[in-house]
Amino acid sequence: MNVNSTNLGHAMNLAPLLDVQSVCKSFRKPDGDELVVLENVNLTLRPGEIVGLLGRSGSGKSTLLRAIAGLELPSGGKVNYLGKPVEGPAAGIAMVFQSFALFPWLTVLENVKLGLEALGHPEVDTRSRSLKAIDLIGLDGFESAYPRELSGGMRQRVGFARALVVHPNILLMDEPFSALDILTAETLRNDFLDLWGEGQLPIKSVLLVTHNIEEAVQMCDRLLIFSTHPGRVVSEIAIDLPHPRHALDPRFRALVERVYVEMTSKPRGDRTGHKAERFPGTGIGTTLTHVSSNLLSGLLEAVSEPPYNGHADLPAIAEALSMDVDELFPVAEALQLLRLAEIEGGDIKLTREGSEFVKAETDERKRLFARHLLTYVPLAAHVRRVLDERASHSAPKSRFFDELEDYMNEEAAEQTLRTIISWGRYAEAFAYDDARQAFSLENPA
Amino acid sequence: MRLDRLPTLVLRNRFVPGGWDVLAFVLVFAFLIYVAGAAHGLTGSLSMLEATPISLAPSALVGYAARTALRMLIAMLASLLFTFTYATLAAKSRRAEIVLVPLLDILQSLPILGFSITIVFFLSLTPGRVAGAEMACVFLIFTSQAWNMAFSFYHSLRSIPHELDEAARSFRLSPWMRFWRLEVPFAMPPLIWNMMMSMSGGWFFVVAAEAIDLGNTKVTLPGVGSYVALAIEQRNLGAIGWAIAAMFVVILIFDQLLFRPLIGGADWFRLEQEAGLMPSNSWALTMMRRSRFLGVVSRLFVSILNIGFKARGQVVVRPRDLPRNPGQRLGDFLWYALIALIGVIALVKAVQFVFTEITLAEVGHVVGLGFLTFLRVGILIAIASAIWVPIGVYVGLRPRVANIVQPIAQFLAAFPVNLIYPIVVSGIVLGKLNPDIWLSPLMILGTQWYILFNVIVGASAIPPDMRYAGQNFHVRGWLWWKRIALPAVFPFYVTGAITASGGSWNASVVSEVAEWGQERLQASGLGAYISHATGTGDFRRTVVGIVVMALFVVVLNRVFWKPLYARAERKFRMS
């Protein structure tokens, strides 16, 4: 084996640390059907590389990370770590959490010591190793502080120190920078990459879950892009830019653009023979992500204005509005669903009605929105039809909830109904009374 | 040069006791001496106890108060032990959960005096000795403390934040380490709050617990409770006054030496800073933190825990969502069948036991009495709400007033109702009033404060912006109450009212009957029925009484309080 094992150039020649083979994860719904969140995922992690899992929320990337961490068991397929199946949290795999997950009643030092104590290390050793990790990650002087006394960035440093102190072979990172402000996230990322580049970190490789495209391009050697519902790897992109990488470098921009294109392209293959519900807007079983009408009109207006004039590059508009993928994509997709905009090849383009919407006054906007809502969103049309048919012109929420549960889990059904309620209210297509938990056609006069 | 600075600098690195150490030493040794003295009485025989009757001399109260306080402390420790085991088992084992949680719900709604039927069992453990009677007494106090603590701990265990649970599992904490490093610290703040409530509850029933009277079995253990019982029997108002003073001192000591340090410490356990009314400055906590002597003691405790951590070092932690295999399903089935069988047998036995002497008509009569008590509780809660909600809002919006009112209300909540008997009984007799009406206020005497507490907390949690908005739009008078104050405190009020209602049912046993010397007043109600049954040692009627009461409380909770609470949570909770 090569001495310089953290060097990227040799990564491909080494035996894999982690081998994920056709992993699936599904949950059983109350009616006995399976809900698939992760479908046939393969992944190999070799020493010396940082691999990114990139996808929207609901793409199952966090579920995959938890399966690798041994926190959840996959429903099918294999997760092998060093050739042995993962059947619970493994000793050489440590995790950094999105919400830090620090114990508020333990000091920085005690939090960091925790992992070693659990392994039964002698106290002297535990203490010196923990202090070293704290030192390395730039927390010197904060040993006796409690997490609540620290800023978000410092808290996540504790999260890193706590994971590094156990000298894991694989460091799992679950959106570790997404709870931080932009500047802090940038600093922490750069510090981490510096230590990684200098070979100072006691780890062999990193698996990073993120929905931030720039972050993924900046940090990773390889990216796996996930689709949603169900989560599958739709493409893999190798990133061989040398470190340090600069966001303004044309090659960096080209890669970011390429990832956007991959993420907005329609799923390839199996268009036939699968449930129609998978494609947006073709059935009442489509999971809707809640996007407020303010955001919808906000994005329409932004795209219609110069310099875009109705046709914008997604990375460019994301940067102009300082929104990341997880915020921007649901809005863009909702617009696509409502046929107010089209998305193709990393670009967003207003439709004729989209442009009309922007020019219209409030009442006219609502009328246009209502027309599109009832035409292109089958669930909205369904709700309206049921209300029209009933003599009382009202129907309990549970009626639609039960129907949705045939297609999705409880949480998604709840979210979808929330979206329909909010859109229906904006369009004045129907009303909803939260106290009675019922839809109706009455509008308060 | 200032000399007073020098010593601390010079001495810092050596183990020389400082001022806080002296204080800690004095307190710790005083405690040890007092425990030893109080424990001495345990070995005696019951006949010896009868030979030394309770004295009403104020000087005797010092010893009595110490004995009573020690009993409550032991009961509190037992409650903690019960909490840590029972609630943990309920939260961790699916099979245990389906039995333990409903059982706890019922235990919680049983009137505490109903547990006095267990006294005979304890007395029979050590025939002729004081130890058995002491155990019975501590057990009775325990039954007034343990249930809500266990519930609070169970709820905390079930609501451990997801990410902390994942962190604990991914770092492979052993169950023992997980318990002390994650579960106990997380559950601490609500548990301490419940311990304080339990302590108040314990005082409320200490009179009944110390002066055991089961018809032909009479045991009087030396303590404040027995002192009060004797003072009532002899109509000695002066002694009642001394007892109140002694109680006040003991409550103050518990507050200063036990609860304030705990609250101060628990503040560190909170996930986020929440609006809380509990005082967090504590000189005793400062003493514990600064005293090196106590530092050594606490380090010793921690290292004992650490031995536990190391001993269980390597543990394979399994993921949570393992699918259930057929073997487990069969086990589940057998388990449910077993529980059903035990339930049926218990039901048959109980019915046989009760109906050998009691007719169905009498049971119907008892249910009727239950409705009378139900009526009383309902009216009293309504009246108490009308009084305390406005006052609570007024106080809660003024932090300075709240700081004064809060400890007073806490003391009043602990006030045993028996101490009010003289006033109430004399008043009713002199004014020739109807005891069915005028004994009723006793029921809510100790429990109304929970409404006040919670409304104060709710009002102080109203965001300033909301108050400013009200002022800005000139929202005043009834509109202000209707649109701002009442909705804002409603969820808190419901929490308080649930506690007050449950407590009032419980208190009815000591409130529907009042004695002052030979004067004995009785209202008709379920409480008086139970009180009479235990007083004459009639087990069957005691059982019927407490079962009917438990049914009333459980049904009321299910059909009224819980839905109301859920609604309040959904509609009015901010954020």
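Any read-out appearing in this document is the output of simple, stated calculations on the displayed coordinates, not a laboratory observation. Keep in mind that what you see is a predicted model, and the values were worked out from it rather than measured. Methodologically, a virtual Cβ is constructed for each residue, glycine included, from the backbone with ideal geometry; neighbour enumeration extends over all protein chains shown.
The mean number of Cβ atoms from other chains found within 10 Å of a Cβ in peptide B:168-179 is 5, as a whole number. Taking A:170, A:343, A:182 in turn, the Gaussian network model of chain A (Cα-Cα springs below 10 Å) assigns the largest fluctuation to A:182.
For the protein assembly as shown, a Kirkwood radius taken over Cα pairs fed into Stokes-Einstein (4 °C, viscosity 1.567 mPa s) yields D = 39 µm²/s. Shown in residue order for segment A:18-24 are the 3J(HN,Hα) couplings computed by the Karplus curve 6.51 cos²θ - 1.76 cosθ + 1.60 at θ = phi - 60°: 9, 9, 9, 10, 5, 7, 10 Hz (x for Gly and Pro). Among the residues of A:95-106, the average count of other protein chain beta-carbon atoms within 10 Å of the residue beta-carbon is 6. In the protein assembly as shown, a dipole from Cβ-located charges (positive for Lys and Arg, negative for Asp and Glu) runs towards its positive end, and of B:88, B:176, B:31 it is B:31 whose Cα lies farthest in that direction. Taking the helices alone, chain A has a mean residue ellipticity at 222 nm of -12500 deg cm²/dmol, built from -39,500 (n - 2.57) per DSSP H run of at least 4 residues and averaged over all its residues.
Around the amide H of residue A:229, modelled in the peptide plane, lies no amide H under 5 Å away from a residue 5 or more places distant or on another chain. Within the listed set A:88, A:231, A:52, the residue fluctuating most in the Gaussian network model of chain A (springs between alpha-carbon atoms under 10 angstrom) is A:88.
Near residue B:150: Cβ cut-off under 15 Å, other residues only, Lys/Arg at +1 and Asp/Glu at -1. The net charge is -1. Of the peptides B:533-540, B:493-500, B:564-571, A:18-25, the ranking by mean beta-carbon count within 10 Å, highest at the top, reads B:493-500, A:18-25, B:533-540, B:564-571. Put simply, the amide H of residue A:26, placed in the peptide plane, has neighbours under 5 Å in A:37, A:75, leaving out anything fewer than 5 places away on its chain. Backbone geometry of segment A:98-105 corresponds, through the Karplus equation with coefficients 6.51, -1.76 and 1.60 at θ = phi - 60°, to 3J(HN,Hα) couplings of 4, 9, 6, 6, 7, 7, x, 8 Hz, x marking Gly and Pro. On a 0 to 90° scale, report how tilted helix A:250-264 is relative to the longest principal axis of chain A, with both axes built from alpha carbons and the result rounded to the nearest 10. Between helix and principal axis, roughly 50 degrees. Which ³J(HN,Hα) values in Hz, rounded to whole numbers, follow from the phi angles of segment A:106-117 under the Karplus curve 6.51 cos²θ - 1.76 cosθ + 1.60, where θ = phi - 60° and Gly and Pro get x? Along segment A:106-117, the couplings run 10, 6, 3, 4, 5, 4, 5, 5, 3, x, 6, 4 Hz. Electrostatic bookkeeping for residue B:353 treats Lys and Arg as +1 and Asp and Glu as -1; over the other residues with beta carbon under 12 Å from its beta carbon, the sum is +2.
Sorted into 10 angstrom bins from 0, the C-alpha pair distances of segment B:334-414 split as 14, 20, 18, 18, 19, 11, 0 percent.
Against chain A, whose longest principal axis is taken from its Cα atoms, helix A:152-164 shows a tilt of about 50°.
The mean number of partner chain beta-carbon atoms within 10 angstrom of a residue's beta-carbon across peptide A:113-122 is 5.
Between A:197, A:346, A:55, the Gaussian network model of chain A with springs among Cα atoms under 10 angstrom shows the greatest mean-square fluctuation at A:197. The label-point distance for residue B:433 and residue B:349, in a model that sets each label 7 Å from Cα toward Cβ, rounds to 4.6 nm.
Toward the positive end of the charge dipole of segment A:293-440, with +1 on the Cβ of Lys and Arg and -1 on the Cβ of Asp and Glu, the farthest Cα among A:322, A:435, A:415 is that of A:435.
Between residue A:362 and residue A:248, the modelled label-to-label distance comes to 4.3 nm, taking each label 7 Å out from Cα in the direction of the beta carbon. As a rough footprinting exposure proxy, the listed residues A:305, A:414, B:183 were ranked by other beta carbons within 10 Å of their own, and the order from fewest upward is A:305, A:414, B:183.
Candidates A:303, A:377, A:395 compared by Cα position along the dipole of segment A:293-440: farthest toward the positive end lies A:395, with charges placed on Cβ.
Considered as an equivalent ellipsoid built on the Cα gyration tensor, segment B:77-132 has semi-axes of 28, 14, 10 Å, the largest given first. Computing FRET efficiency as 1/(1 + (r/R0)^6) for residue B:252 and residue B:341, where r is the C-beta to C-beta distance and R0 is 45 Å, gives about 0.30.
Helix A:362-376: angle to the longest alpha-carbon principal axis of chain A, degrees 0 to 90, nearest 10? Its long axis makes an angle of about 80 degrees. One equal scatterer on each Cα of chain A, no solvent, Debye formula: the resulting log10 I(q)/I(0) at q = 0.06, 0.13 Å⁻¹ is -0.31, -1.22.
Among the listed pairs A:78/A:204; A:113/A:204; A:61/A:204; A:61/A:113; A:366/B:482; A:397/B:571, a Cα-Cα separation exceeding 24 Å is found for A:61/A:113; A:366/B:482.
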